[in-house]
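Accompanying notes for the structure given below.
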Amino acid sequence: MNLSRIIFLLTAMLFFYSVSQAQTIAYTGAGIIVGDGSFINNGVLIVDQEGTIQACGPIEEVDVQADEVVDLSGKFIMPGIINTHGHVGDVKGIEPGHYSAENIKDQLKLYAYYGVTTVVSLGGDRQAAVPLRDVNYKGTPEGARLYIAGGIVNASTPAEARKQVDANIDMGVDFIKIRVDDNLGNSQKMTSAVYEAVIDQAHHHDKMLAAHMFYLDDSKSLLKAGADYLAHSIRDKEVDGEFIQMIKTTDVCYCPTLTRDLSTFIYETKAFFFEDPFFLEAYDASIVQPLLSEESQERVKNSKSAQTYKEALKVALKNLKTLSDAGVPIAFGTDSGVATRFQGYFEHVEMNLMAEAGMAPSTIIKSATGDAAQCMGIDHVGILSQGKEADFLVLQQNPHSDIRAMRSIEQVFVKGVSVR
Ligand SMILES: [Zn+2]
């Protein structure tokens, strides 16, 4: 082999090596919603080969040095949505009981399709979820990032409660979850002695305690006991000054899950979204057929609890507005992933309901990005700034002007990689 041939081969190898390596990419020209409430006109987002943000700012302040420049003029970039209260792996169609790793993977892709790039699964998580959560740290997720709470602690004594917390810790959970609720008088409520033990044991392991609740009084008691996150809206009555003071001084976040309540009564007639093309993009019309039967609709109409939750949603909307106006951090969440709460799509319905409650689009988006990340201690995503991982969406329209523009998703990136 002569020298020129060797040089040619070496050059060719070097060329193929360099193009096969992921490149640093600059996304230019878009309006950028940062995730902290701010907006950049004509911004630049630079993502390196590791999927980390190198720079994000106005074009005149960023030195654009990248292997590839992608012009996104006229479009909008924002951080991926973080759902701080979802569930994964259990439901197929509208039927529960299908828990598997495959199902979790499919659902994380489904969430990502609709722009949800992080899901905190608050309960019902089993061993199969652990490797899929670990991808967060070891690789690049193929869909939404996953965090888990394991089995919901439902002990009836403090000693049993501590054992259940420890079992979850052994499995490797990120959060501990409890329910403090009597389900509209239909079940026994967890006692304060038990939840105090759960909270203490969770904190002993440096984990946040997420509490399902319904009543204002329970919410106050949970805050007093040291709960770190309220996983639903207060729905029995309007929040008062004492509660606002308490939640602000404890720095606890409040997760509305308005669609949880909507899902209890919306199927009393044909749901408004069954023919929505955006819903049908990912969901086959056949899966909602059982919800259209007269028998099914009658059952919902005649369900006392469904009708109570319908009224409760009105209280929830009012409380959300009050708390948001008071400066309480709202952690976006839906409780989707339970049967008939459609993952990905319901996150968009939730945002519309938050707008209906009176929140400005920019506040809603902040709650679903930067605030959500901060609330859950998931600090590596949620805001588009240097050093964070590049989970972001490209939209055709500006959701800061109208929240329904969230539906104009064109591309979804997790750790810099396109997943839609
Ligand atoms: Zn839930």
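If you go through segment 76-92 one residue at a time, do you hit one that is touching a residue at least 24 places away in the same chain (Cβ under 8 Å), farther than 21 Å from T340 by Cα and open to solvent by 10 Å² or more (accessible area, probe 1.4 Å)?
From segment 76-92, those touching a residue at least 24 places away in the same chain (Cβ under 8 Å) are 76-91; that's our starting set.
Retained after the next criterion (residues that are farther than 21 Å from T340 by Cα): 76-80.
Restricting the remaining residues to those that are open to solvent by 10 Å² or more (accessible area, probe 1.4 Å) gives 76.
Among the residues of segment 76-92, at least one is touching a residue at least 24 places away in the same chain (Cβ under 8 Å), farther than 21 Å from T340 by Cα and open to solvent by 10 Å² or more (accessible area, probe 1.4 Å), which makes the answer yes.
Quick one: how many residues across segment 378-420 are hydroxyl-bearing (S, T, Y), touching a Gly at 6+ places or on another chain (Cβ under 9 Å) and either open to solvent by less than 10 Å² (accessible area, probe 1.4 Å) or part of a strand (DSSP E or B) (or both)? Step through it out loud before you land on a result.
Our first condition is that a residue be hydroxyl-bearing (S, T, Y); within segment 378-420, this holds for 385, 401, 408, 418.
So of that shortlist, the ones also touching a Gly at 6+ places or on another chain (Cβ under 9 Å) come out as 385.
Subset that is either open to solvent by less than 10 Å² (accessible area, probe 1.4 Å) or part of a strand (DSSP E or B) (or both): none.
Adding up the residues that qualify gives 0.
Can you confirm whether segment 263-280 contains a residue that is more than 16 Å from I94 (Cα to Cα), open to solvent by less than 20 Å² (accessible area, probe 1.4 Å), away from the ligand (no atom under 16 Å from the Cβ) and not charged (D, E, K, R)?
Yes: segment 263-280 contains one or more residues that are more than 16 Å from I94 (Cα to Cα), open to solvent by less than 20 Å² (accessible area, probe 1.4 Å), away from the ligand (no atom under 16 Å from the Cβ) and not charged (D, E, K, R).
How about segment 310-362: which of its residues are away from the ligand (no atom under 16 Å from the Cβ), under 14 Å from L262 (Cα atoms) and among the polar types (S, T, N, Q)?
Result: N352, single match.
Quick check on segment 63-92: of everything there that is within 20 Å of the chain's Cα centre (by Cα) and small (G, A, S), which residue is farthest from P329 (Cα to Cα)?
Among them, the one singled out is G89.
Only helices (runs of 4 or more DSSP H) wholly contained in segment 286-377 count here; list those with 2 or more residues that are closer than 24 Å to L216 by Cβ and touching a residue at least 12 places away in the same chain (Cβ under 8 Å). Spell out the reasoning first.
Values: elements: 294-301, 304-325, 345-357, 361-367, 370-376.
Output list reads 304-325, 345-357, 361-367, 370-376.
A quick yes/no check of all residues on (1) modelled with pLDDT of 95 or more; (2) open to solvent by less than 30 Å² (accessible area, probe 1.4 Å); (3) within 30 Å of D228 (Cα to Cα):
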| residue | (1), (2), (3) |
| --- | --- |
| S293 | yes, no, no |
| T322 | yes, no, yes |
| G327 | yes, no, yes |
| E350 | yes, yes, yes |
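Working carefully through the options S38, S73, find the one that is closer than 23 Å to R420 by Cα and without any contact (Cβ under 8 Å) to a residue 60 or more places away in the chain. Give the derivation first.
Working: S38 fails: closer than 23 Å to R420 by Cα.
Just a single option satisfies the conditions, and that option is S73.
Within segment 21-126, considering only strands (runs of 3 or more DSSP E) that don't extend past its boundaries, which have at least 2 residues that are within 30 Å of G150 (Cβ to Cβ)? Reasoning before the result, please.
Values: elements: 25-33, 39-47, 53-58, 68-71, 76-79, 81-86, 116-121.
Correct list: 81-86, 116-121.
Here is a yes/no grid of residues against (1) in contact with a helix residue (DSSP H, G or I) (Cβ under 8 Å, 6 or more places away or on another chain); (2) under 24 Å from R407 (Cα atoms); (3) of a type in the set (D, E):
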position: A225; (1), (2), (3): yes, no, no
position: A271; (1), (2), (3): yes, yes, no
position: F278; (1), (2), (3): yes, yes, no
position: A285; (1), (2), (3): no, yes, no
position: K301; (1), (2), (3): yes, no, no
position: K310; (1), (2), (3): yes, no, no
position: V315; (1), (2), (3): no, no, no
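Residues of segment 379-400 being in contact (Cβ under 8 Å) with a residue 24 or more places away in the chain, within 27 Å of A149 (Cβ to Cβ) and in contact with a helix residue (DSSP H, G or I) (Cβ under 8 Å, 6 or more places away or on another chain), which ones?
Within segment 379-400, V381, G382, I383 meet the criteria.
Being of a type in the set (V, I, T) and in contact with a strand residue (DSSP E or B) (Cβ under 7 Å, 6 or more places away or on another chain) is the requirement here; does V419 meet it?
On the way: of a type in the set (V, I, T): yes; in contact with a strand residue (DSSP E or B) (Cβ under 7 Å, 6 or more places away or on another chain): yes.
Against the criterion (of a type in the set (V, I, T) and in contact with a strand residue (DSSP E or B) (Cβ under 7 Å, 6 or more places away or on another chain)), V419 qualifies.
The values are calculated or read from the model by the stated rules, or taken from the named source; none is laboratory data. Keep in mind it's a predicted model, so treat the numbers as computed, not measured. Reconstructed Cβ throughout: ideal geometry from the backbone, glycine too, with neighbour counts over all protein chains shown. Surface accessibility is based on the protein's heavy atoms, side chains included, excluding ligands, DNA and RNA. Shrake-Rupley method; radii C 1.70, N 1.55, O 1.52, S 1.80 Å.
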